[in-house]
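Encoded as structure tokens, the structure appears first; notes follow it.
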Amino acid sequence: MKDSYNRNIHYLRISLTDRCNLRCVYCMPADIQFAPPSYLLQDDELLRLVRIATSVGFDRVRLTGGEPTVRRNIVDIVGEIAHLPGIQEIAMTTNALKLEKLAEPLAKAGVKRVNISIDTLDVERFHKITRFGKLEQVWRGILAAEHAGLYPIKLNAVVVRGYNEDDIVDLAKLTLDHAWDMRFIEMMPLGSIADFQVDSVVPVAEMKLRIEMACGKLESIDWDGHNPARPFRLKDGKGTIGFISSVTEPFCAGCDRMRLSADGRLRLCLLRDNEVDLLTPLRAGASDDELRGLMSNGVYNKPWGHGLAQNVIAETRVMSQIGG
Ligand code: SAM
Ligand code: SF4
């Protein structure tokens, strides 16, 4: 399915919940209020929308949140999605806290690979950035994911001035010993915490400089242009290092994705407030054809790109309420 700019839109990021077992400072305010469960897609409603999405042309899905692994029945939901005709790949983005137990069942149910958030290797700083997380639990989750064959393992670090910019080098060095893809992400501004995010963003150019000053020149690797992380390697590194520069170097021209929020809205662009409400018509008795029509219109009307360069900041939700 093409949008009005001729981009092939086929990748759906599905937020399974707005809830989370962490409170990362770059993602949500400390006093976040979660939506009442009745406002969110129930299992049957979610599966119906995903089935309809496959008929619109979505063939890859990523389960995210909030924290996807805190959703009840997560393994069953993965199994149901895996059996939908037209689904080519299921991936997950997770903080890994629950992966020690869930990696194996998730892999058996159909998850092919995981992206895991880890912003520092320092126990204290991890606690500070997540507001209460235990780093060792994430580490055990990463090893469990590797053991379960959820490959390739991608690690995500959002870099926040004053919290973890000094940790970039240690994180990058993980790729010397492990065949993992370490990705550094520029913090994006959204919703009620946008002022903090704008003030504390660390540009990709600085991240690269820090790594090169400590570890030598980054070797660039071929890039397909669709993956938002431009890949590099340290000399003799087993894994890769990528940079996601949504703020300073947007990659909207190659965008192939849309998001389905836990409250049943099709979010057309991560960093714009344009959404199509699917939950209300679904609960009012809309047919599959009607819902398909709403989704197709949404795809066609996907905005060209975000407006950060023009100081346009999406206001209605923070990241955990969208599904990053
Ligand atoms: N809880 C899961 C996790 O943390 O991986 C999945 C949901 S989280 C919202 C998805 C991704 O968004 C994570 O990699 C997280 O680091 C990233 N993220 C959250 N807030 C962000 C922000 N303001 N800017 C850039 N990335 C952000
Ligand atoms: Fe939770 Fe993920 Fe947001 Fe951190 S980034 S608060 S783990 S949803």
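The values are calculated or read from the model by the stated rules, or taken from the named source; none is laboratory data. Nothing here was measured: the structure is a model prediction, and the numbers come from that model. Backbone-built Cβ (ideal geometry, glycine too); neighbour counts: all protein chains shown. Just so you know, the surface numbers come from the protein's heavy atoms only, side chains and all, with ligands and any DNA or RNA stripped out. Shrake-Rupley method; radii C 1.70, N 1.55, O 1.52, S 1.80 Å.
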By residue number, the members of region 1-15 that are touching a Gly at 6+ places or on another chain (Cβ under 6 Å) and assigned to a strand (DSSP E or B) are Arg13, Ser15
Being within 13 Å of ligand 1 (Cβ to nearest atom), closer than 18 Å to Lys112 by Cβ and not in a helix (DSSP H, G or I): is that true of Leu150 here? no
Out of all the residues in region 130-161, which are farther than 14 Å from Leu97 by Cβ and either of a type in the set (A, V, I, L, M) or without any contact (Cβ under 8 Å) to a residue 40 or more places away in the chain (or both)? Glu146, Ala148, Leu150, Tyr151, Pro152, Ile153, Leu155, Ala157, Val158, Val159, Val160
Would you check if there is a residue in region 134-153 being touching a Gly at 6+ places or on another chain (Cβ under 8 Å), over 20 Å from Gly79 (Cα atoms), surrounded by fewer than 22 Cβ atoms within 10 Å (Cβ to Cβ) and modelled with pLDDT of 95 or more? no
At least 3 residues that are not acidic (Asp, Glu) in each: list the strands (runs of 3 or more DSSP E) lying fully within region 216-298 that qualify. 230-233, 240-244, 257-260, 265-267
Let me spell it out: the conditions are (1) open to solvent by 10 Å² or more (accessible area, probe 1.4 Å); (2) near ligand 1 (Cβ under 9 Å from one of its atoms); (3) not aromatic (Phe, Trp, Tyr), and Asp31 meets all of them except one. Which number is the exception? (2)
Just checking, does region 159-175 include any residue being in a helix (DSSP H, G or I) and within 14 Å of ligand 2 (Cβ to nearest atom)? no
I'd like the full set of residues that are open to solvent by 20 Å² or more (accessible area, probe 1.4 Å) and of a type in the set (S, T, N, Q), limited to region 183-230. Ser192, Ser220, Asn227
Within region 159-176, which residues are open to solvent by less than 60 Å² (accessible area, probe 1.4 Å), out of contact with any Lys or Arg (no Cβ under 9 Å at 6 or more places or on another chain) and farther than 11 Å from Ser200 by Cα? Leu171, Leu174
Select from region 3-19 the residues that are touching a residue at least 12 places away in the same chain (Cβ under 8 Å) and either of a type outside the set (A, V, I, L, M, F, W, C) or open to solvent by 30 Å² or more (accessible area, probe 1.4 Å) (or both) and list them in ascending order. Asp3, Ser4, Tyr5, Arg7, Asn8, His10, Tyr11, Arg13, Ser15, Thr17, Asp18, Arg19
Just to be sure I understand, how many residues within region 75-101 are farther than 24 Å from Arg257 by Cβ and either open to solvent by 30 Å² or more (accessible area, probe 1.4 Å) or β-branched (Val, Ile, Thr) (or both)? 5
Could you please find all residues in region 267-279 being over 15 Å from Leu40 (Cβ atoms) and among the hydrophobic types (A, V, I, L, M, F, W, C)? Leu268, Cys269, Leu270, Leu271, Val276
Considering region 16-74 alone, what residues qualify as being within 16 Å of ligand 2 (Cβ to nearest atom), in a loop (DSSP other than H, G, I, E, B), polar (S, T, N, Q) and under 28 Å from Asp256 (Cα atoms)? Thr17
Quick check on region 61-71. Is at least one of its residues touching a residue at least 60 places away in the same chain (Cβ under 8 Å), within 13 Å of ligand 1 (Cβ to nearest atom), touching a Cys at 6+ places or on another chain (Cβ under 6 Å) and not aromatic (Phe, Trp, Tyr)? yes
Quick one: in region 285-324, of everything that is of a type in the set (Ser, Thr, Tyr) and surrounded by 12 or more Cβ atoms within 10 Å (Cβ to Cβ), which residue is nearest to ligand 1 (Cβ to nearest atom)? Ser320
Could you list, in sequence order, all residues of region 114-130 that are more than 17 Å from the chain's Cα centre (by Cα) and within 13 Å of ligand 1 (Cβ to nearest atom)? Thr120, Phe126, Ile129
Answer yes or no as to whether Ser261 is at pLDDT 95 or above, hydroxyl-bearing (Ser, Thr, Tyr) and under 16 Å from the mean Cα position of the chain (by Cα). yes
